Amino acid sequence: MSNRFADLPFDDRQVERAPLANVIWQVRFASDVKLDDGRAAFEFQASLGPDLKLTRIRNETLFQMSIGSVQPIAGGPQAGEDVWRLVSPDGRATVTLGRDVVTFETQSYGAWKGNFRDWIAALLSAVDKVMSPGVTTRVGLRFVNTAFAAAFEAEPFQNPTDLTPFISDRFLGFDPQGIDTKVGMTQSRHVLVVEDLNAAVSSALINQESGEYGILIDIDTYREATKAFDAEELLEVSDELHDLELALFQQVLTKDGWLALGPIDGGDAK
C-alpha cells in the first residue's frame, strides 16, 4: 500500500523549535490473551527492551483516553482490569498495554523517521507476537502543540493580534470591529473526513500567568475500521496519518509562521 497523502502540499522538513507538548499513538485490537498473571506483559517488555520499567496498574479509576474521541470507548479497560505501563529510563516515553489497546505517548518526539516511527514498528511487532490479535478496530495519531512567541523567535505575544503573522486568521477567533474589548479566550474545532480517515483539528488561545498569549493546536487523526491485524499495513496507515497531521498543522500556520519555526534543510519531518 502506498502513502496516499505523501504528495499533499506540505513541507516535510524537521523544525528547530517544534512546539510539541505531547504526541500520542494508539492501536485498538481484539485479543483473547489475558494480562492478569503478568506473563504476556513481561513477554511484551522483553520484545521492546529491558530498559523499559514495567509497572502493573490496577484500573480502578483510570480514564482510558482514545485517539479520535473525547469519550471513553466501549470495550476499553474496565474497573478492576489490569493495565501494564512501561516507562523509558528518562521518564519521557510511556507505553500502556491493555487487553485490547496499546498506547504510546512521549514528550520527546525528536522526528518521525528514526525515532517515533521506529517505536510504532516495534510496538506493532510486539503486539503481533504477544497478544495474537485477530483484528484491529482503530489506529490513531495525535499531536498536541503549545506555541508561544519563543517558538517563532518573536517578542512575547501581548495580544491575540500579535499572533496574526504566524497563525491563520481562521484559528484566532472573532474580533468585533469598533468595540473596545479584549479577547479572553477563543476555541475552534473542525472535524474532517478524508477518505477512510478522520481528523479533528482543535485550537484555543492560551494565556500564561505573565499575560503572554499563545495557541494550543491539537490535531487528532485516526482510522476506525475492523480489519485483519497486519503490522505492516498499520505502520503504513500511521505514515499516512503523520503526513495528514503535518499538512493540517501547516494549514493552521501561515507560511511565515512555519518558516519562523526554523525548518532544517535535509531534516526529517516534524
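The values are calculated or read from the model by the stated rules, or taken from the named source; none is laboratory data. These figures come from a predicted structure and were not determined experimentally. Positions of Cβ are backbone-derived with ideal geometry, glycine not excepted, and every protein chain shown enters the neighbour counts. In case anyone asks, the SASA skips ligands and DNA or RNA and just uses the protein heavy atoms, side chains included. Shrake-Rupley method; radii C 1.70, N 1.55, O 1.52, S 1.80 Å.
Things to note:
Results for (1) part of a strand (DSSP E or B); (2) within 30 Å of Q45 (Cβ to Cβ); (3) charged (D, E, K, R), shown as yes or no for each residue.
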| residue | (1), (2), (3) |
| --- | --- |
| D118 | no, yes, yes |
| L123 | no, yes, no |
| V130 | no, yes, no |
| R138 | yes, yes, yes |
| R142 | yes, yes, yes |
| A150 | no, no, no |
| D162 | no, no, yes |
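- Some residue of the range 111-127 being under 30 Å from K34 (Cβ atoms), among the aromatic types (F, W, Y) and within 20 Å of the chain's Cα centre (by Cα): yes
- Restricting the range 201-233 to residues that are outside any strand (DSSP E or B) and of a type in the set (A, V, I, L, M, F, W, C), the residue that is nearest to L244 (Cα to Cα): A231
A quick yes/no check of all residues on (1) open to solvent by 10 Å² or more (accessible area, probe 1.4 Å); (2) hydroxyl-bearing (S, T, Y):
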{"site": "V191", "(1), (2)": "yes, no"}
{"site": "V194", "(1), (2)": "yes, no"}
{"site": "S202", "(1), (2)": "yes, yes"}
{"site": "Q208", "(1), (2)": "yes, no"}
{"site": "G214", "(1), (2)": "no, no"}
{"site": "T221", "(1), (2)": "no, yes"}
{"site": "E236", "(1), (2)": "yes, no"}
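- Qualifying residue in the range 137-149 (condition: over 20 Å from the mean Cα position of the chain (by Cα) and either farther than 26 Å from E236 by Cβ or free of Cβ contacts under 8 Å to residues at least 60 places away in the same chain (or both)): yes
- Selection over the range 18-44 of residues that are within 15 Å of I120 (Cα to Cα) and either among the polar types (S, T, N, Q) or open to solvent by 50 Å² or more (accessible area, probe 1.4 Å) (or both) gives a count of 1.
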